[in-house]
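To start, the structure itself, in structure tokens.
The values are calculated or read from the model by the stated rules, or taken from the named source; none is laboratory data. Remember, it's a predicted structure, so these values are computed and weren't measured experimentally. Because the Cβ atoms are built from the backbone with ideal geometry, glycine has one as well, and the counts that use them run over all protein chains shown. When the accessible area is computed, the model is the full protein with side chains, heavy atoms only, and any ligands, DNA or RNA have been set aside. Shrake-Rupley method; radii C 1.70, N 1.55, O 1.52, S 1.80 Å.
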Amino acid sequence: IGNNLQNLNQEIEKLIIFTHPAHLIKKEDVEKVVGEGKGPGVFDLMGAIREKDLASALLILSQLLERGKEPLRIHSLIVHEVRSLLRIKEKKSRLSPQEACSIVFGPRNYYPKFYTDLASHYLQAAKRFSLSELISDYEDLVEAEASIKTGREEPDVAIQRMVMSILG
């Protein structure tokens, strides 16, 4: 992060989103989100998924797994992405970034600019997916979780297959 206050602010916002609804940020949370600053993080993966960029998503995912990121944690973040996009898509009406914030981040009285900017990305991303795609993706995520937890599939393989299914 260095001495750049804007980067620091963005990393703090990521921590808040990552730990929501908890009111306490632990050292382990910082390590999971910020890491040591080497390579892309889980939020970069989520961005690639929202952009429907399969090549970038697979590259970022492989780097995350190589660095020891927990596959089920990555899975849970992808579930959150797909569920948020699905809930936005189901609304069918034109949502404001403020309204999308309540879907993505939960209800609050106030959302900082970082939140509304990110919600705008979700609104654009929802246009890239059809409702039937998102429903199917969500079902695939449930199946992938069961496959991982029952040992039918290696976690790394299941996560990669899942990302290819969502973006393929």
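So here's what we get for this one:
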quantity	calculated
Output for the stretch 48-59, where each listed residue is in a helix (DSSP H, G or I) and either basic (K, R) or at pLDDT below 95 (or both)	R50
Tally, over the stretch 91-101, of residues that are closer than 20 Å to F43 by Cβ and open to solvent by 40 Å² or more (accessible area, probe 1.4 Å)	1
Selection count, the stretch 101-114, where residues are in a helix (DSSP H, G or I) and touching a residue at least 60 places away in the same chain (Cβ under 8 Å)	2
Flag for L54 being in contact with a Leu (Cβ under 9 Å, 6 or more places away or on another chain), among the hydrophobic types (A, V, I, L, M, F, W, C) and open to solvent by 50 Å² or more (accessible area, probe 1.4 Å)	yes
Close pairs from the stretch 4-16: first under 17 Å from K26 (Cα atoms), partner modelled with pLDDT under 80 and open to solvent by 50 Å² or more (accessible area, probe 1.4 Å), Cβ under 7 Å, at least 6 apart	L8/I1; E11/I1; L15/V30
Residues within the stretch 133-163 that are within 18 Å of the chain's Cα centre (by Cα) and open to solvent by less than 40 Å² (accessible area, probe 1.4 Å), tallied	8
Breaking point among (1) open to solvent by 30 Å² or more (accessible area, probe 1.4 Å); (2) in contact with a Pro (Cβ under 9 Å, 6 or more places away or on another chain), for H75	(1)
Residue within the stretch 61-68 that is assigned to a helix (DSSP H, G or I), open to solvent by 50 Å² or more (accessible area, probe 1.4 Å), within 24 Å of E153 (Cα to Cα) and touching an Asp or Glu at 6+ places or on another chain (Cβ under 8 Å) present	no
Output for the stretch 106-132, where each listed residue is of a type outside the set (A, V, I, L, M), closer than 23 Å to V163 by Cβ and surrounded by 16 or more Cβ atoms within 10 Å (Cβ to Cβ)	H121, Y122, F129
Unmet requirement for K38, which otherwise passes all of (1) open to solvent by 30 Å² or more (accessible area, probe 1.4 Å); (2) closer than 24 Å to G106 by Cβ; (3) at pLDDT below 95; (4) not aromatic (F, W, Y)	(2)
Selection status of D117, modelled with pLDDT under 95, farther than 18 Å from P71 by Cβ and not in a loop (DSSP other than H, G, I, E, B)	yes
Some residue of the stretch 23-33 being basic (K, R), under 25 Å from E143 (Cβ atoms) and surrounded by 12 or more Cβ atoms within 10 Å (Cβ to Cβ)	no
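Per-residue answers, yes or no, for (1) of a type in the set (K, R); (2) at positive phi; (3) out of contact with any helix residue (DSSP H, G or I) (no Cβ under 8 Å at 6 or more places or on another chain):
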site	(1), (2), (3)
F105	no, no, no
N109	no, no, yes
Y115	no, no, no
R128	yes, no, no
Y138	no, no, no
E145	no, no, no
G151	no, yes, yes
P155	no, no, no
V163	no, no, no
